[in-house]
Amino acid sequence: MTRTFQCSDPAERTAGVAAAVDAVRRGDLIVMPTDTVYGIGADAFTPTAVDSLLTAKQRGRDMPVPVLVGNRRTLDGLVMAVPPAVHDLVDAFWPGPLTIVVEQAPSLAWDLGDADGTVAVRMPLHPVALEVLEATGPMAVSSANVSGQRAATTAEEARDQLGWLVEVYLEAGSCGDPVASTIVDVTGEVPRVLRQGALDLAALRAVVPAALDKDGRGPDEEPAVPVVTEA
């Protein structure tokens, strides 16, 4: 039975988080708020749950599901190695709207889609999401909408698209404009922006000066701004 919990009420929030954690542990889907948009989530280590998430979004395996964590230290157990640039980015921007693509540890028993040995990881800056994640551990989470449709900024909007396919909806009010996180690939020698989102390139380069933009250009390769003079 699908249930919605209003997290603005302390008692209902407590009950909702507990229900969401139980649902994830059973392999069911939940919708919860994040600091960017609402997310549909499942236990990252239960392949059938991840399959259900992809089915609910009408999304193929060619678009692997990112993972959300509730603690920075969790990252160490998910990757083969953590380069210094990753530590710098995590220290500066987690929790927050930064997703990093890393080489996953080969021992991980999960299937998030056709990720080719990598995983996209983020720690969101939202108290409800962090409370859920602290209890469940890493979760496979994607935007709470059918692929190609507008990302949900409330649980109600998510329910309009996903309906009974989700067991628990956690409503915490509107998250505002649906701006996705910035995605940075750190699997190469130099971090590279894959998607420009809520975190801009200037902020990233303040921490990692050599970071490449989404076109693969470094800070010294930016196109010159043309000078316009009056005739």
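The values are calculated or read from the model by the stated rules, or taken from the named source; none is laboratory data. The structure presented is a predicted model; accordingly, all values stated were derived computationally and were not measured. Methodologically, a virtual Cβ is constructed for each residue, glycine included, from the backbone with ideal geometry; neighbour enumeration extends over all protein chains shown. Heavy atoms of the whole protein, side chains included, go into the accessibility calculation; ligands, DNA and RNA do not. Shrake-Rupley method; radii C 1.70, N 1.55, O 1.52, S 1.80 Å.
Some notes on this structure:
- Of all residues in the stretch 198-209, those satisfying the criterion of being open to solvent by less than 30 Å² (accessible area, probe 1.4 Å) and part of a loop (DSSP other than H, G, I, E, B) are L199, V208.
- On the stretch given as the stretch 131-143, residues that are out of contact with any Asp or Glu (no Cβ under 8 Å at 6 or more places or on another chain) and buried (at least 18 other Cβ atoms within 10 Å of the Cβ) total 7.
- Scanning the stretch 101-130 for residues that are modelled with pLDDT under 95, over 25 Å from L204 (Cβ atoms) and crowded, with 16+ Cβ neighbours inside 10 Å gives L108, W110, D111, G113.
- Of all residues making up the stretch 80-89, the number that are farther than 17 Å from L194 by Cα and crowded, with 18+ Cβ neighbours inside 10 Å: 0
- Of all the residues in the stretch 146-164, those that are open to solvent by 10 Å² or more (accessible area, probe 1.4 Å) and under 25 Å from V119 (Cα atoms) number 6.
- Residue within the stretch 166-179 that is polar (S, T, N, Q) and in contact with a Ser or Thr (Cβ under 6 Å, 6 or more places away or on another chain) present: yes
- Inspection of the stretch 165-174 finds a residue satisfying the criterion of being more than 19 Å from the chain's Cα centre (by Cα), surrounded by 13 or more Cβ atoms within 10 Å (Cβ to Cβ) and in contact (Cβ under 8 Å) with a residue 60 or more places away in the chain.
- Residue among A140, A135, A109, A120 that is farther than 24 Å from D177 by Cα, touching a residue at least 60 places away in the same chain (Cβ under 8 Å) and either assigned to a helix (DSSP H, G or I) or within 13 Å of the chain's Cα centre (by Cα) (or both): A135
- Checking L68 against (1) of a type outside the set (V, I, T); (2) open to solvent by 30 Å² or more (accessible area, probe 1.4 Å); (3) closer than 30 Å to A11 by Cα; (4) under 16 Å from the mean Cα position of the chain (by Cα), the condition it does not meet: (2)
- Test: residue in the stretch 210-231 that is assigned to a loop (DSSP other than H, G, I, E, B), of a type in the set (V, I, T) and open to solvent by less than 70 Å² (accessible area, probe 1.4 Å): no
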